[in-house]
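Notes follow the structure.
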Amino acid sequence: MTIFSGSLITAKEQLRFQFYTNGDQNFWETHSEEEARKHVFNDPDKYEFIDTNPTDMLSQLSIPGFWIFGGKDIQVPVKLSIEYLDKLKSEGKPYYYKLFQQLGHNTAFSDSEEPMKDAIKWMKNTAKLKNHK
């Protein structure tokens, strides 16, 4: 699986982050990672619903996965998602990622062709490895 800008935090944490960034394209120029995390983990929820956690399902999968993130993403807390991804990797999951520091959330539709090229290259290499087993 190849995932562009896919969050690894709970749905409620994701909403807290999005409400905090409020669509501000300059968010990371005026806020720190520490401030964002404090908000994600401590802000009261605006809506009540059954929360979901993507790492629950990802911990059960055995297929390889590749995440492509943008360092200026204001929809997904990328550093936190990468930490959760690294934890899954340390548990033996075949998950990988690439961070494009200058890109935002829409990495697949950015002006840069690199995210899509990297995704295709990863898929081709992963398919070759599978076929050689």
Fill in the blank from the handout: Note on residue 93: of the conditions (1) loosely packed, with under 15 Cβ neighbours inside 10 Å; (2) at pLDDT 95 or above; (3) out of contact with any Phe, Trp or Tyr (no Cβ under 8 Å at 6 or more places or on another chain); (4) of a type in the set (Lys, Arg), unmet is (1)
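Kindly evaluate residue 81 against the criterion of being farther than 19 Å from residue 7 by Cα and in contact with a strand residue (DSSP E or B) (Cβ under 9 Å, 6 or more places away or on another chain).
no
Just to confirm my filter: which helices (runs of 4 or more DSSP H) fall fully inside the range 1-109 and include at least 1 residues that are closer than 30 Å to residue 128 by Cα and over 13 Å from the mean Cα position of the chain (by Cα)?
Fully inside the range 1-109 and qualifying: 54-58, 78-90.
Rundown of residues vs (1) under 24 Å from residue 55 (Cα atoms); (2) surrounded by 10 or more Cβ atoms within 10 Å (Cβ to Cβ); (3) touching a helix residue (DSSP H, G or I) at 6+ places or on another chain (Cβ under 7 Å), yes/no style:
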site: 98; (1), (2), (3): yes, yes, yes
site: 101; (1), (2), (3): yes, no, no
site: 108; (1), (2), (3): yes, yes, yes
site: 111; (1), (2), (3): no, no, no
site: 123; (1), (2), (3): yes, yes, no
site: 126; (1), (2), (3): yes, yes, no
Handout entry: Index of the failed condition, residue 12 passing every other in (1) under 30 Å from residue 126 (Cβ atoms); (2) surrounded by 18 or more Cβ atoms within 10 Å (Cβ to Cβ)
Key = (1)
Completion exercise
Filtering the range 99-131 down to residues that are without any contact (Cβ under 8 Å) to a residue 40 or more places away in the chain and under 15 Å from residue 64 (Cβ atoms) yields 120, 121, 124, 125, 127, 128, 129, 130, 131
Exercise for the section: Consider only pairs whose beta carbons are under 8 Å apart and that are at least six residues apart or on different chains; among these, list those whose first residue lies in the range 15-36 and is free of Cβ contacts under 8 Å to residues at least 40 places away in the same chain and whose second residue is among the charged types (D, E, K, R). Expected result: 15/45; 15/46; 16/43; 16/45; 19/43; 19/46; 20/43; 30/24
Completion exercise
Of the residues in the range 37-70 that are in contact with a strand residue (DSSP E or B) (Cβ under 6 Å, 6 or more places away or on another chain) and among the small types (Gly, Ala, Ser), the one that is nearest to residue 120 (Cα to Cα) is 65
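The values are calculated or read from the model by the stated rules, or taken from the named source; none is laboratory data. Computed from a predicted structure; not experimentally measured. Don't worry about glycine lacking a Cβ; one is built from the backbone with ideal geometry, like all the others, and counts go over all protein chains shown.
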